[in-house]
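Structure first, commentary second.
The values are calculated or read from the model by the stated rules, or taken from the named source; none is laboratory data. Quantities reported herein were computed from a predicted structural model and do not represent experimental measurements. With ideal geometry, Cβ positions are generated from the backbone for all residues, glycine too; neighbour counts draw on all protein chains shown.
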Amino acid sequence: MLENALKNMFAYKELSLSEGETLSINESFYYIQNGIVHGTFGNKVPVKFECSQNEIFGLRQLIDNNFEIKTLQIKKSIKLLSFHHQDFTEMLQGTDKNIVIFLKSLIQHGTF
C-alpha cells in the first residue's frame, strides 16, 4: 500500500544492492521492497538503526538535521525504490499546512 502510494506520488528509481555494499544518502530517501540495511544517524552521538521490508529511511533527515544518516551498509541483499528529497519538499510546499504538520509528525515517529 505504502509502496504504491509513493510510486504514484513521486518519480523513482529501482536499485538492487548486495550484502556488504554501501549506499550514499545524498538527496534521496528510500523505500525497502525487500532486504535489510543498517547504519548510524545523529550529529552528536551516533545511534544505530536497522530497516527492512516496507520501511523508509533517509526521509527524517530532510526534516531534522539531528537525524542525518552518517553510515549505511547493506546487511542482506536489498531492493529499494529511490525518491528525491526535492520532489517531497515540493509536494509539502503545495499542501495544506495542517497536513504538512501531520506528515512531519508521522515521519518523526516512524522513519529513519
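Per-structure values
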item: Unmet criterion (only one of (1) farther than 16 Å from LEU6 by Cα; (2) touching a Ser or Thr at 6+ places or on another chain (Cβ under 7 Å)) for GLY94; result: (2)
item: Helices (runs of 4 or more DSSP H) within region 12-112 that include 3 or more residues of a type in the set (A, V, I, L, M) and out of contact with any strand residue (DSSP E or B) (no Cβ under 8 Å at 6 or more places or on another chain); result: 97-110
item: Test: residue in region 60-67 that is surrounded by 12 or more Cβ atoms within 10 Å (Cβ to Cβ), modelled with pLDDT of 90 or more, farther than 17 Å from ALA5 by Cβ and β-branched (Val, Ile, Thr); result: no
item: Any chance VAL45 is aliphatic (A, V, I, L, M) and surrounded by 20 or more Cβ atoms within 10 Å (Cβ to Cβ); result: no
item: Pair list, Cβ under 6 Å, 6 or more apart: region 87-100 residue under 19 Å from TYR12 (Cβ atoms), other residue surrounded by 10 or more Cβ atoms within 10 Å (Cβ to Cβ) and β-branched (Val, Ile, Thr); result: LEU92/VAL100
item: Pair list, Cβ under 6 Å, 6 or more apart: region 1-15 residue of a type in the set (Ser, Thr, Tyr), other residue at pLDDT 95 or above and part of a helix (DSSP H, G or I); result: none
item: Filter result for ASP87 (surrounded by fewer than 13 Cβ atoms within 10 Å (Cβ to Cβ) and modelled with pLDDT of 90 or more); result: no
item: Flag if GLU50 is under 22 Å from LYS7 (Cβ atoms), surrounded by fewer than 14 Cβ atoms within 10 Å (Cβ to Cβ) and free of Cβ contacts under 8 Å to residues at least 40 places away in the same chain; result: no
item: Count of residues meeting criterion [among the polar types (S, T, N, Q), over 13 Å from the mean Cα position of the chain (by Cα) and either at pLDDT below 90 or over 25 Å from GLU90 (Cα atoms) (or both)] in region 1-39; result: 4
